[in-house]
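The values are calculated or read from the model by the stated rules, or taken from the named source; none is laboratory data. Note that the structure is a prediction, hence the values are computed from the model and not measured. Don't worry about glycine lacking a Cβ; one is built from the backbone with ideal geometry, like all the others, and counts go over all protein chains shown. In case anyone asks, the SASA skips ligands and DNA or RNA and just uses the protein heavy atoms, side chains included. Shrake-Rupley method; radii C 1.70, N 1.55, O 1.52, S 1.80 Å.
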Amino acid sequence: MSFPAAVLGTGQTHHVAKRGDVSMAGMCREAIDRALADSGLTMADIDAIVIGKAPDMFEGMMMPELYLADALGAPGKPLLRVHTAGSVGGSTACVAANMVQGGVHEKVLAIAWEKQSESNAMWALSIPVPFTMPVGAGAGGYFAPHVRSYIRRSNAPLHVGAMVAAKDRRNGAKNPHAHLKQGDKTVEEVLASQVLWDPIRFDETCPSSDGACAVVIGGEESAAAVEASGKKVGWIHATAMRTEPLAYAGRDQVNPQAGQDAAKALWAQAGITDPLAEIDAAEIYVPFSWFEPMWLENLGFAAPGDGWKLTDKGETEIGGTLPVNPSGGVLSSNPIGASGMIRFAEAAKQVMGRAGDYQVENARKALGHAYGGGSQYFSMWVVGSERP
């Protein structure tokens, strides 16, 4: 049996390159306090806490949950840590939602964060790892061959990646929490920026950010209380998570099977038969701009080879058929452990009517999406303005 669950409130820090003014604990608490305020609750109302962050080496702190428990409000409450590489923010939100849907808890707080300034994710991604393929050149070096393969398969014109980057930076300039505010960034400027990993250019790459995100998820009774106060909630219509190995014979890293399977399960659970027509806004995990058309295909919004056409026609702009990353996305803010939860929170903000200057008009259903590892972990949810 599944019980109704809804996002009651969300909270984020202002994402920047370095938060030297605050510890991890303080940074997380900023997001938590804002999420509680947004939901009209206090920590005393929370029944359980789920936390998530990217690999410990990304910020040089092993098992931070051991010392963060007090600051996160966890004493006396169940505390669970989730870890699925870069998709962890999304997975953490899914686990919290599942707790409420399963009737285990009525109100659950989910928190995810990253303080990249205190370590070096590029270094962490370049060291030898036992029993798995070496990455060797950071995330960009790992994913660039997949981008080249996508361009070759789809015959996509080379300006498409620049279009995504310019769009997301314009959107990010409207978002008070975004790290990069480059509202005047043009396609020509992106194409003129330095190539870092062919064909990925500097301006087509996500920043390294310090930041945190929290969401409060509640059951039917809690949602009714928020609605009675005159605010909308984000009803959770479906969640899905899937995984595949990093390397196996015949693996398609341009269009991973785990992503396809997660999306298929998500749409079925949400009762969606035509995602492009039925989803009003999508927050998709796009750390390098070419992943927008790639994931549009992987998620079933476009046929293989056609994802770039949606971007090229302007259909992923705010006001288009499917606004993608109206918040600015990962290309505008990337606290890795929190980036997936930010996608989920931003999707919820759209259907709750709380997205401010980047609100998509009449957004009724929205997608939150995250991926991690070598495109091997996927988590996603559909949230709506109406109870499913």
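Things worth noting here:
- For ASP38, ASP312, the ranking by accessible surface with the largest value first comes to ASP312, ASP38, using a 1.4 Å probe.
- Accessible surface ranking that places the most exposed of MET163, MET57 first, with a 1.4 angstrom probe: MET57, MET163
- Exceedance of the 21 Å cut-off in Cα-Cα distance is limited, within the set LYS185/LYS365; LYS174/LYS349; LYS232/LYS349, to LYS185/LYS365.
- The mean of 1/r over all pairs of different alpha-carbon atoms in the range 252-388, once inverted, gives a Kirkwood hydrodynamic radius of 14.6 Å.
- Loop-exposed GluC sites (Glu not before Pro) per DSSP, neighbour cap 12 Cβ within 10 angstrom, longest uninterrupted part of the chain: 1-360
- All other residues whose Cβ lies under 11 angstrom from that of LYS181 are scored, Lys and Arg at +1 and Asp and Glu at -1, for a net of +3.
- Distant-in-sequence amide H partners of ILE46 (H built 1.01 Å from N, under 5 Å): none
- Over the chain, dividing the summed -39,500 (n - 2.57) contributions of all DSSP H runs of at least 4 residues by the number of residues returns a 222 nm mean residue ellipticity of -10000 deg cm²/dmol.
- 3J(HN,Hα) along the range 184-196, derived from phi through the Karplus expression 6.51 cos²θ - 1.76 cosθ + 1.60 where θ = phi - 60°, amounts to 9, 5, 10, 4, 5, 5, 4, 5, 8, 6, 5, 6, 9 Hz, with x in place of Gly and Pro.
- Once the Cα-Cα distance is subtracted from the 0.36 nm per residue extended length, the GLU227 to MET43 segment shows a gain of 64.3 nm.
- Fraction of alpha-carbon pairs over 27 Å apart in the range 55-211 - percent: 42
- Exposure ranking of THR84, THR243 by accessible area [1.4 Å probe, largest first]: THR243, THR84
- Placing a label point 7 Å from the Cα of SER2 along the Cα-to-Cβ direction, the residues of the range 267-310 whose backbone N falls under 18 Å from that point are 267-275, 279.
- Counting every alpha-carbon pair across the range 190-237, the share separated by more than 11 Å comes to 76%.
- Counting only heavy atoms of the protein chains and using a 1.4 Å probe, ASP21 has close to 120 Å² of accessible surface.
- With 31 Å as the limit, the listed pairs LYS231/LYS313; LYS107/LYS309; LYS53/LYS264 have LYS231/LYS313; LYS107/LYS309 beyond it between alpha carbons.
- Rounded Å value of the spacing that divides the Cα centres of the range 265-302 and the range 194-232: 16
- Candidates ALA268, ALA31, ALA48, ranked by Gaussian network fluctuation over the chain, Cα under 10 Å, top entry: ALA268
- Residue-level accessible surface for SER2, protein heavy atoms, 1.4 Å, Å²: 90
- Volume per residue that the Cα convex hull of the range 329-388 spans, once the total is divided by residue count, Å³: 87
- With each label modelled as a point 7 angstrom along the Cα→C-beta vector, the ALA303-GLU189 pair spans 3.8 nm.
- For the chain, the calculated P(r) over all alpha carbon pairs, in 10 Å bins from 0 to the bin holding the longest distance, is 5, 26, 36, 24, 7, 0 percent.
- Whole-number D in µm²/s for the range 43-128 (Stokes-Einstein; Kirkwood sum over Cα pairs; 4 °C, 1.567 mPa s): 95
- Per residue, the solvent-accessible area of the chain (1.4 Å probe, heavy atoms of protein chains only, all protein chains present) comes to 37 Å².
- Sum of side-chain charges, GLN257 neighbourhood, beta-carbon under 14 Å (Lys, Arg +1; Asp, Glu -1): -1
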